[in-house]
Structure formats: C-alpha cells, structure tokens
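Have a look at the structure below before the remarks.
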Amino acid sequence: MNITIHSSFLPHTDPDASLAFYRDVLGFEVLGDVGYEAMRWITVRPPGQSGAAIVLEPPAADPGVTDEERTTIAEMMAKGTYSGVLLATDDLDATFARVEAANAEVVQEPMDQDWGVRDCAVRDPAGNLIRIQQSS
C-alpha cells in the first residue's frame, strides 16, 4: 500500500491577504482558487514540488460546525493557537528576512534548537503558526 499526503488545510480570515502571503512572500504557486457564495478555497504549494499542497480555507465552513464551535475556532485563530504548518527551506536566514520584511508577525527569530534543527516561527495573516526549519 502506498499512501501520500495530498493536502493539508489552514484556515484564513482574509483570502486576499492569505493569498498574498503564501504566493508573494513565500513564493508558492497557486493551484486553485475556488469560490462559493462569500467563501474561497485557495490551494497553494511550493513551486516545482509535486505532491502535498496547502488548502487555505474559510474556517468552520463545514455545516456540521455549531455556532459555539465557530466562536471557539474564531477565538483560537485570534490567539494563533488553532492551526499551523512546518515548512523547510535550504536558506532559513534568507527566508526569514523575506518574511520579516513583509511584516509577518515574528514569533521566534532563527535559532539552533536543542533537538538538532535550526528554525524560526511566524504567523500568517490568519494567525496560523508557520514554523520554518533549515533543511539539511
């Protein structure tokens, strides 16, 4: 059996701001931008990479989510504790400089971690935690 990761989902609160962050700041390519009523699902991935993508989605769009759950999701997103992703780059310092220059919220500047990686952390426009580590 061969199983791969196809897509991961991150919520957005402003599709245009999220699109600008992932496309213009991180340099991701846009694979799809689908709208339905007032909602948008935007699929992005690093250029030249096949396989896994990130779908930027409206939070709590599932009709099975209750109003109370929607409130909890909105509160967690505002705190930056709802969702996140780990990315890798071959030049962490240059990537961090580009993200910082775009005025992303910096959570942690690049540093060597005790567990053997060098990484940094920022938040995207929706508050999602984006950790970026130096690939070896």
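The values are calculated or read from the model by the stated rules, or taken from the named source; none is laboratory data. In this text the structure is predicted, and so the values were computed from the model without any measurement. Note that we place each Cβ from the backbone using ideal geometry, even for glycine, and neighbour counts take in every protein chain shown. These area figures cover heavy atoms from the full protein model, side chains too; ligands, DNA and RNA do not enter into them. Shrake-Rupley method; radii C 1.70, N 1.55, O 1.52, S 1.80 Å.
Some values worked out for this structure:
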item: Scope the range 14-60; condition within 12 Å of the chain's Cα centre (by Cα) and among the polar types (S, T, N, Q); matching residues; result: S18, T43
item: Among the candidates A101, A88, A97, A78, residue that is among the aliphatic types (A, V, I, L, M) and loosely packed, with under 10 Cβ neighbours inside 10 Å; result: A101
item: Failed item, numbered, when D16 is tested on (1) closer than 16 Å to P125 by Cβ; (2) surrounded by 13 or more Cβ atoms within 10 Å (Cβ to Cβ); result: (2)
item: Residue in the range 34-54 that is in contact (Cβ under 8 Å) with a residue 12 or more places away in the chain, open to solvent by less than 60 Å² (accessible area, probe 1.4 Å), assigned to a strand (DSSP E or B) and in contact with a Ser or Thr (Cβ under 6 Å, 6 or more places away or on another chain) present; result: yes
item: Candidate set from the range 114-135 (those that are assigned to a loop (DSSP other than H, G, I, E, B) and under 13 Å from D90 (Cα atoms)); member that is modelled with the highest pLDDT; result: V117
item: The range 55-75, subset open to solvent by 40 Å² or more (accessible area, probe 1.4 Å) and in contact with a His (Cβ under 9 Å, 6 or more places away or on another chain), residue nearest to D24 (Cα to Cα); result: E57
item: Of the criteria (1) open to solvent by 40 Å² or more (accessible area, probe 1.4 Å); (2) within 18 Å of V122 (Cα to Cα), which one F21 fails; result: (1)
item: Residue count for the range 104-136, restricted to those that are surrounded by fewer than 19 Cβ atoms within 10 Å (Cβ to Cβ), of a type in the set (D, E, K, R) and closer than 25 Å to P58 by Cα; result: 3
